[in-house]
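Undergrad: The structure is given below, and queries will be raised subsequently.
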Protein chains: 2
Amino acid sequence: MRKPLPPVVLVLAGHDPTGGAGIIADSEAIAAAGGWAVTVPTALTVQNLHDVQRVIPTSPDSILAMVDALGEWPVAAIKLGLIADEATLFAVEKAVRRFPGVPVVADPVIKAGGGTELSTPALCRAYRQRLLPLVDILTPNRYELTQLTPDVQKPDDDTARAVALMSHGCQAILVTATDNPRPGCDQQQITHTLHMPDTTRQWQWPRLPEQFHGSGCTLASSLAARLAVGERLLSACEQAQHFTWESLSHGYYQGSGQALPHRFFDAHFFTR
Amino acid sequence: MRKPLPPVVLVLAGHDPTGGAGIIADSEAIAAAGGWAVTVPTALTVQNLHDVQRVIPTSPDSILAMVDALGEWPVAAIKLGLIADEATLFAVEKAVRRFPGVPVVADPVIKAGGGTELSTPALCRAYRQRLLPLVDILTPNRYELTQLTPDVQKPDDDTARAVALMSHGCQAILVTATDNPRPGCDQQQITHTLHMPDTTRQWQWPRLPEQFHGSGCTLASSLAARLAVGERLLSACEQAQHFTWESLSHGYYQGSGQALPHRFFDAHFFTR
């Protein structure tokens with residue numbers, strides 16, 4: 001008699017050949033948190049550790065066919081990553097609606113680590129209007145938060161931006177500040193802020209010297225896996241940040257470009 | 001200062017949403033063997049634990065663009081999996097030729113575990129003629145071995161078939177017999193046979209009761225990672241079989257369809 005599967009996380013996100021980010025990264029973070037990832041690539045990408053060169057969206061039909069074929073699986077959480085165009089967004093919206101009541105973590109991938117824009121104002125608008133009402137927790141960095149809330153005028157009022165997004169139905173927003181620390185803050189400490197309708201909670205992490213490839217995917221997938229196993233939101237946010245920081249601090253660096261997280265940093269394997 | 005990357009294995013193979021097989025499985029097996037996988041999806045697939053419903057080949061241009069973008073990576077071994085049509089095969093051939101001297105492990109995926117044919121006689125011919133001369137070790141099951149050698153008349157003469165394939169330039173063939181034990185053998189023991197130009201070597205493994213999804217990917221990727229870290233062929237074949245058998249024997253079963261390997265069976269993670 002076999003063991004039953006660990007809690008299943010359905011991932012709809014891009015594929016990154018380097019394995020630093022995208023569905024490979026998601027699967028690793030989910031496995032490390034005790035879950036099993038089922039993955040539907042929303043796009044293939046041509047990229048390396050310097051930048052994204054091309055994004056090749058998967059057809060909406062293929063996305064929905066892949067999700068439908070997984071119909072028997074006991075999906076316990078959903079993680080959304082790269083959504084490269086509106087056709088993909090509509091397919092992802094349909095896919096998420098097939099799993100009512102399942103917690104949804106969305107990492108709004110708007111710019112690649114190397115700088116390439118992966119989104120447009122129209123796509124950001126559709127993201128807010130169609131997808132956010134289905135999302136339980138959004139994990140933008142400060143740039144993504146700003147892009148998603150063009151109507152909020154005060155440049156550094158993250159709380160106003162978070163409140164504006166929560167008015168669309170999203171229940172919590174974990175804003176990471178590694179990309180752009182708030183002015184006046186200690187630049188050696190990174191502050192991540194969880195915004196909820198009636199409260200906020202902050203965590204501080206020592207800044208690491210490198211730029212990383214896949215830190216956002218790692219955080220959002222780890223968080224989704226923790227929700228899948230039944231952890232509560234606040235604890236899941238804290239543990240996912242801890243896991244991500246440890247993965248980065250144990251990361252790999254090839255001498256140029258971005259460094260890579262090591263998501264199995266304290267796993268002991270068969271052959272080692 | 002960061003650690004350098006572990007030995008890199010370039011994977012050209014299909015994507016399987018279930019994570020049991022395909023590039024997610026390859027990445028897991030490679031990570032578990034101490035390598036880092038970079039993955040280029042040769043196809044997306046619509047499938048579950050019962051069968052493959054649809055194969056969506058990646059365009060040859062996209063395959064080659066993804067490989068080119070990884071040009072700076074120190075690829076130490078290559079693993080080839082699903083190649084769904086001739087256009088893909090030509091792109092994979094070009095990709096492999098960009099890494100002269102790097103060991104190549106090829107798992108010729110000809111039929112899905114659930115029974116769907118993934119290949120044709122013409123594609124098998126092109127595989128033999130174009131790809132086999134570039135392959136160091138091929139890992140067919142007995143059905144795939146037969147499909148690749150239609151000119152060999154004796155039905156159970158695996159050695160004649162292996163010799164025929166080695167005449168195309170492939171240096172070694174590890175034939176797994178889980179799918180179809182040789183007549184007259186103990187049906188509770190599975191015998192895998194490594195054919196080399198002047199010798200053969202056999203290993204026996206207790207038969208497991210379930211049918212598995214992704215055992216072939218696990219074996220070939222584990223083998224590629226072991227070659228990437230510098231292990232010798234005979235030892236790498238033995239260790240990869242051991243890892244695969246353990247992954248299957250620790251596997252998961254959902255109550256219907258194929259069981260799933262647990263490739264992190266003896267990893268101890270952060271949160272567990």
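The values are calculated or read from the model by the stated rules, or taken from the named source; none is laboratory data. Just so it is clear, the model here is predicted, and its values are computed rather than measured. Here the Cβ is made from the backbone with ideal geometry for all residues, glycine too, and neighbour counts use every protein chain on show. Protein only, heavy atoms only, side chains kept; ligands, DNA and RNA dropped before computing areas. Shrake-Rupley method; radii C 1.70, N 1.55, O 1.52, S 1.80 Å.
Undergrad: Of everything in segment B:24-34, what is more than 7 Å from every other protein chain (Cβ to nearest Cβ) and not acidic (Asp, Glu)? Give them in sequence order.
TA: Correct list: B:25, B:29, B:30.
Undergrad: Might you let me know whether segment B:130-140 holds any residue that is surrounded by fewer than 13 Cβ atoms within 10 Å (Cβ to Cβ) and farther than 18 Å from residue B:89 by Cα? Show your work before the answer.
TA: We begin by selecting, within segment B:130-140, every residue surrounded by fewer than 13 Cβ atoms within 10 Å (Cβ to Cβ); these are B:133.
Pick out the ones that are also farther than 18 Å from residue B:89 by Cα and you get none.
No, segment B:130-140 contains no residue that is surrounded by fewer than 13 Cβ atoms within 10 Å (Cβ to Cβ) and farther than 18 Å from residue B:89 by Cα.
Undergrad: Quick one: which residue in B:118, B:82 is in contact with a Gly (Cβ under 9 Å, 6 or more places away or on another chain), open to solvent by 10 Å² or more (accessible area, probe 1.4 Å) and under 20 Å from residue B:257 (Cα atoms)?
TA: B:118
Undergrad: Also, quick follow-up: Within segment B:161-204, can you find the residues that are of a type in the set (A, V, I, L, M, F, W, C), modelled with pLDDT under 95 and surrounded by fewer than 20 Cβ atoms within 10 Å (Cβ to Cβ)?
TA: Looking only at segment B:161-204, we keep the residues that are of a type in the set (A, V, I, L, M, F, W, C), and these are B:162-166, B:170, B:172-175, B:177, B:185, B:190, B:194, B:196, B:203.
With the extra rule that they be modelled with pLDDT under 95, the set shrinks to B:170, B:177, B:185, B:190.
Listed by number, the list holds a single entry, B:185.
Undergrad: May I pose another question? Give the number of residues within segment A:40-59 that are within 7 Å of another protein chain (Cβ to nearest Cβ) and within 20 Å of residue A:71 (Cβ to Cβ).
TA: 3
Undergrad: While we're on this one: Say we look at segment B:1-21 and pick out the residues that are open to solvent by 10 Å² or more (accessible area, probe 1.4 Å) and touching a His at 6+ places or on another chain (Cβ under 8 Å); which of these is farthest from the other protein chains (Cβ to nearest Cβ)?
TA: Result: B:21.
One line per residue, one yes/no per condition, for (1) in contact (Cβ under 8 Å) with a residue 24 or more places away in the chain; (2) in contact with a Ser or Thr (Cβ under 6 Å, 6 or more places away or on another chain); (3) under 20 Å from residue B:263 (Cβ atoms); (4) not aromatic (Phe, Trp, Tyr):
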position	(1), (2), (3), (4)
B:10	yes, no, yes, yes
B:14	yes, yes, yes, yes
B:45	yes, no, yes, yes
B:52	yes, yes, no, yes
B:56	no, yes, no, yes
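Undergrad: Looking at A:76, A:65, A:37 in this structure, which one is small (Gly, Ala, Ser), within 20 Å of residue B:251 (Cβ to Cβ) and within 12 Å of chain B (Cβ to nearest Cβ)?
TA: A:37
Undergrad: Test each condition in (1) touching a Ser or Thr at 6+ places or on another chain (Cβ under 7 Å); (2) buried (at least 23 other Cβ atoms within 10 Å of the Cβ) for residue B:88 and report the one that comes out false.
TA: Single failed check for residue B:88: (2).
Undergrad: List, please: which pairs have Cβ atoms under 6 Å, are six or more places apart or on different chains, and start with a residue in segment B:60-79 that is within 19 Å of residue B:105 (Cα to Cα) and end with one that is among the hydroxyl-bearing types (Ser, Thr, Tyr) and modelled with pLDDT of 95 or more?
TA: Within 6 Å, the pairs are B:79/B:221.
Undergrad: Residue A:123 - would you say it is buried (at least 20 other Cβ atoms within 10 Å of the Cβ) and away from every other protein chain (no Cβ under 14 Å)?
TA: It is false that residue A:123 is buried (at least 20 other Cβ atoms within 10 Å of the Cβ) and away from every other protein chain (no Cβ under 14 Å).
Undergrad: Being acidic (Asp, Glu) and at pLDDT 95 or above is the filter here, so list the residues in segment A:47-84 that pass it. Full working, then the answer.
TA: Start the filter on segment A:47-84 by keeping residues that are acidic (Asp, Glu), which leaves A:51, A:61, A:68, A:72.
Residues satisfying the conditions are A:61, A:68.
Undergrad: Within segment A:22-58, can you find the residues that are surrounded by fewer than 24 Cβ atoms within 10 Å (Cβ to Cβ), out of contact with any Gly (no Cβ under 9 Å at 6 or more places or on another chain) and aliphatic (A, V, I, L, M)?
TA: Once the filter is applied, which keeps residues that are surrounded by fewer than 24 Cβ atoms within 10 Å (Cβ to Cβ), out of contact with any Gly (no Cβ under 9 Å at 6 or more places or on another chain) and aliphatic (A, V, I, L, M), segment A:22-58 yields A:46, A:56.
Undergrad: Would you check if residue A:267 is open to solvent by less than 20 Å² (accessible area, probe 1.4 Å), more than 8 Å from chain B (Cβ to nearest Cβ) and not acidic (Asp, Glu)?
TA: Here the answer is no, as residue A:267 does not meet what is asked.
Undergrad: I've got another one for you. So, of the residues in segment A:221-259 that are at the interface with chain B (Cβ under 7 Å from one of its Cβ atoms) and open to solvent by less than 10 Å² (accessible area, probe 1.4 Å), which turns out to be nearest to residue B:265 (Cα to Cα)?
TA: A:243
Undergrad: Check B:216, B:251 and return the single one that is over 14 Å from residue B:32 (Cα atoms) and without any contact (Cβ under 8 Å) to a residue 60 or more places away in the chain.
TA: B:251
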